[in-house]
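Novice: For reference, the structure I am asking about is given below.
The values are calculated or read from the model by the stated rules, or taken from the named source; none is laboratory data. Quick caveat, the model's predicted, so the values are computed rather than measured. FYI the Cβ positions are ideal-geometry reconstructions off the backbone, even for glycines, and counts take in every protein chain you see.
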């Protein structure tokens, strides 16, 4: 269906692809992986024709319909969310809105002279719309938007009133509703909560379109893809299997390549010694020349690329009291909507609470009240003795000084620390080489998240309150963070939609009720035990 053959691409001195090749076949579900800057987004843009290859052949059928979800928010305003979602759904969306315009035209007294022409056009459009399944489109659109977390009042409300994250969900709905033969999805889970991720998993498993996607959610990749394309160092390597298979197979290939390299180096050294030993012997001249020519023809095996993932060793935080946070009789409302009524909650030293709940259940509200960012309407929030609290939320990104570079920011934060220690800290969070001199105003959302997390954990508090700490983090950084936090000797209260993070860290679960039940429910066990006990990975979403 889509094939790259001997494709090369570079920007200035940055080489992305060198004689790269792969094939995307009809109906395949493929994961695209590789380090930041390897060329994943460039590959997407070459498929849709926004970029061209410097060399090689990109083969794509002319009439192939491609839907592309990317990490950019379109301008949206002036119509309901439902209409906006339908508008972007390819040919069906165009027909839907043309039918609406034609219906208005037929009822317009000023256009009575065109009535016959409008009626004729209406008949043709209606026939095509019906043939393509258009009359089920609105129902499908509502179901899709519900799956992505929208409530009915949002669906019927003005799309312009939504935040950037919610507009991103509308952009995704546009792509999912279209009758596309190929779906390109660039980090589709970035702005979704766990309930919406689980819905999207189910949807993509059953979709008939060919799928090529990137994702920093390992569980999401494992459950959907059956093939992985890895971009690294200019090459595209194909692995047949899910993400876990790719990791295992890559490690085996690298081990075999390293062994082959060692064997070849030993053979080359032996031949080189023979040449040096007998180069001055006339009787051996023919043999020497023969071996020199043979050496020149040998294709050299390269050592596999080293993946540098630095383990972070925490400085041990000071010990807090046994009682860390005590909430008594808490009430909190937004307008007429009561999020908490007479709510009691107790966090003890060493506990790692993950907070679960649907949109609007009050997850972020709880963390803000514990962190002192938000006051409850009633009741009391008390923090324990000897407590140093560290709070991470997306708003924390705004606390960075845009006028500074990455290195200057941490030097300002920790003026008594040596340059080596600060560079090591930044290296752990994937800022190495010239990246430490990047201006903060030029950083992506993921880079800002990494920098804020680095600042928070350098001298760690003994009580971490984390609201979606893994948003925008790549898989390598997530795994490093989980590995580091496993050894954290303090207390944690966090919200996360990343199941690897939840499984790796949570030893207590607080499920907030929403519409499921009036009172929050406490599970005194790990996230895995919560899933086994309830039969669901998130409130209201059954396995």
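Novice: Say whether the condition of being outside the structural domain of residue 14 (by TED's automatic domain parsing) and closer than 16 Å to residue 315 by Cβ is met by at least one residue in region 436-449.
Specialist: no
Residues are listed down the side, and each one gets a yes or a no for (1) outside the structural domain of residue 188 (by TED's automatic domain parsing); (2) modelled with pLDDT of 90 or more; (3) buried (at least 16 other Cβ atoms within 10 Å of the Cβ):
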position: 385; (1), (2), (3): yes, yes, no
position: 395; (1), (2), (3): yes, no, no
position: 414; (1), (2), (3): yes, yes, no
position: 484; (1), (2), (3): yes, no, yes
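Novice: Regarding residue 286, is this residue over 30 Å from residue 484 (Cα atoms), at pLDDT 90 or above and outside any loop (DSSP other than H, G, I, E, B)?
Specialist: Details: over 30 Å from residue 484 (Cα atoms): yes; at pLDDT 90 or above: no; outside any loop (DSSP other than H, G, I, E, B): yes.
For residue 286, the condition - over 30 Å from residue 484 (Cα atoms), at pLDDT 90 or above and outside any loop (DSSP other than H, G, I, E, B) - is not met.
Novice: Sticking with this one: Yes or no: region 165-183 includes at least one residue that is surrounded by fewer than 17 Cβ atoms within 10 Å (Cβ to Cβ), over 28 Å from residue 25 (Cβ atoms) and under 20 Å from the mean Cα position of the chain (by Cα).
Specialist: Yes, region 165-183 has at least one match.
Novice: In addition: Could you check region 289-317 and list, in sequence order, the residues that are modelled with pLDDT under 80 and within 30 Å of residue 260 (Cβ to Cβ)?
Specialist: Initially, region 289-317 is screened for residues modelled with pLDDT under 80, giving 304-314.
304, 305, 306, 307, 308, 309, 310, 311 - these are the residues of region 289-317 that are modelled with pLDDT under 80 and within 30 Å of residue 260 (Cβ to Cβ).
Novice: Residues that are surrounded by 13 or more Cβ atoms within 10 Å (Cβ to Cβ), modelled with pLDDT under 85 and over 16 Å from residue 408 (Cβ atoms): does region 450-462 have at least one?
Specialist: Applying the first criterion (surrounded by 13 or more Cβ atoms within 10 Å (Cβ to Cβ)) to region 450-462 yields 450-462.
Within this subset, residues satisfying the condition of being modelled with pLDDT under 85 are none.
Taking every residue of region 450-462 in turn, none turns out to be surrounded by 13 or more Cβ atoms within 10 Å (Cβ to Cβ), modelled with pLDDT under 85 and over 16 Å from residue 408 (Cβ atoms).
Novice: Out of 72, 50, I need the residue that is closer than 21 Å to residue 1 by Cα and within 27 Å of the chain's Cα centre (by Cα). Which one? Reasoning before the result, please.
Specialist: On the way: 72 fails: closer than 21 Å to residue 1 by Cα.
Just a single option satisfies the conditions, and that option is 50.
Novice: Sticking with this structure for a sec: I need the full set of residues from region 313-338 which are assigned to a strand (DSSP E or B) and surrounded by fewer than 21 Cβ atoms within 10 Å (Cβ to Cβ), in order please. Before you say what the answer is, go through the steps one by one.
Specialist: Of the residues in region 313-338, the ones assigned to a strand (DSSP E or B) are 323-334, 337-338.
If the condition is that a residue be assigned to a strand (DSSP E or B) and surrounded by fewer than 21 Cβ atoms within 10 Å (Cβ to Cβ), then 323, 326, 327, 328, 329, 331, 333, 334, 337, 338 are the ones that fit.
Novice: Show me the strands (runs of 3 or more DSSP E) found entirely inside region 455-523 where at least 2 residues are in contact with a helix residue (DSSP H, G or I) (Cβ under 7 Å, 6 or more places away or on another chain) and either touching a residue at least 12 places away in the same chain (Cβ under 8 Å) or closer than 23 Å to residue 443 by Cβ (or both). Spell out how you get there, then give the answer.
Specialist: On the way: elements: 463-467, 491-495, 508-511, 521-523.
Passing ranges, in order: 463-467, 491-495.
Novice: Here is a further query. Quickly run through region 206-231 and pick out the residues that are part of a loop (DSSP other than H, G, I, E, B), under 16 Å from the mean Cα position of the chain (by Cα) and at pLDDT below 95.
Specialist: So the first thing to find is which residues in region 206-231 are part of a loop (DSSP other than H, G, I, E, B), and the list is 207-209, 215-217, 225-226.
Those still in the list that are under 16 Å from the mean Cα position of the chain (by Cα) too: 215-217, 225.
Within region 206-231, 215, 216, 217 meet the criteria.
Novice: Mind checking whether some residue in region 261-271 is in contact with a strand residue (DSSP E or B) (Cβ under 9 Å, 6 or more places away or on another chain), over 30 Å from residue 368 (Cβ atoms) and not in a loop (DSSP other than H, G, I, E, B)? Full working, then the answer.
Specialist: First pass over region 261-271, keeping only residues in contact with a strand residue (DSSP E or B) (Cβ under 9 Å, 6 or more places away or on another chain): none.
Looking for residues that are in contact with a strand residue (DSSP E or B) (Cβ under 9 Å, 6 or more places away or on another chain), over 30 Å from residue 368 (Cβ atoms) and not in a loop (DSSP other than H, G, I, E, B), one finds none in region 261-271, hence no.
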